[in-house]
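For reference, the structure discussed in these notes is given below.
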């Protein structure tokens, strides 16, 4: 009798200790659950970006959630049961949310990249518009204006030459004075 009792408890302990890591077929599988949770979190984000009126959240949100369930091929009851199962298995739920986190970060990065490209393209277009507007505002010079600009250029050159000659004369005088006042050795 004692041997049977020990054998019974040993077998019971062995069977209780053997826990399967696979998810039962009646629940949503981890990869599908991760994809479903990504879509649900995206819907959550879109709903809470605008004004938050409780009636409109229920009215518009329910349709979006049902569309996600239909897209993935599950219903809300199956999702609820699967979420309850995974909440009892924290390691599996953590692994699923790691996948969800990576996918949402990848989506965010791709959206940011597209926005940056669009912003750079619009800045380039704006700068081209400004440049073309400046060119359009420039009037072509007539022959008289060109002749006037040449006369103006010649007068400026003459003024610079005159200034240079005056400065050279002052420099020569200062140089000459410094030689006269020099102390002999």
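For (1) farther than 14 Å from residue 34 by Cα; (2) touching a helix residue (DSSP H, G or I) at 6+ places or on another chain (Cβ under 6 Å); (3) at pLDDT below 80; (4) surrounded by 10 or more Cβ atoms within 10 Å (Cβ to Cβ), each residue gets a yes or a no:
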| position | (1), (2), (3), (4) |
| --- | --- |
| 73 | no, no, no, yes |
| 99 | no, yes, no, yes |
| 113 | yes, no, no, yes |
| 120 | yes, no, no, yes |
| 135 | yes, no, yes, no |
| 149 | yes, no, yes, yes |
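Exactly one of these conditions fails for residue 84: (1) assigned to a helix (DSSP H, G or I); (2) in contact with a helix residue (DSSP H, G or I) (Cβ under 8 Å, 6 or more places away or on another chain). Give me its number.
(2)
Just give me the residues in the range 15-37 being outside any loop (DSSP other than H, G, I, E, B) and modelled with pLDDT of 80 or more, in sequence order.
Residues satisfying the conditions are 30, 31, 32, 33, 34, 35, 36, 37.
The values are calculated or read from the model by the stated rules, or taken from the named source; none is laboratory data. Here the structure is a predicted model, which means the values were calculated and not measured. Cβ coordinates were reconstructed from backbone atoms using ideal geometry, including for glycine residues, and neighbour counts include every protein chain displayed.
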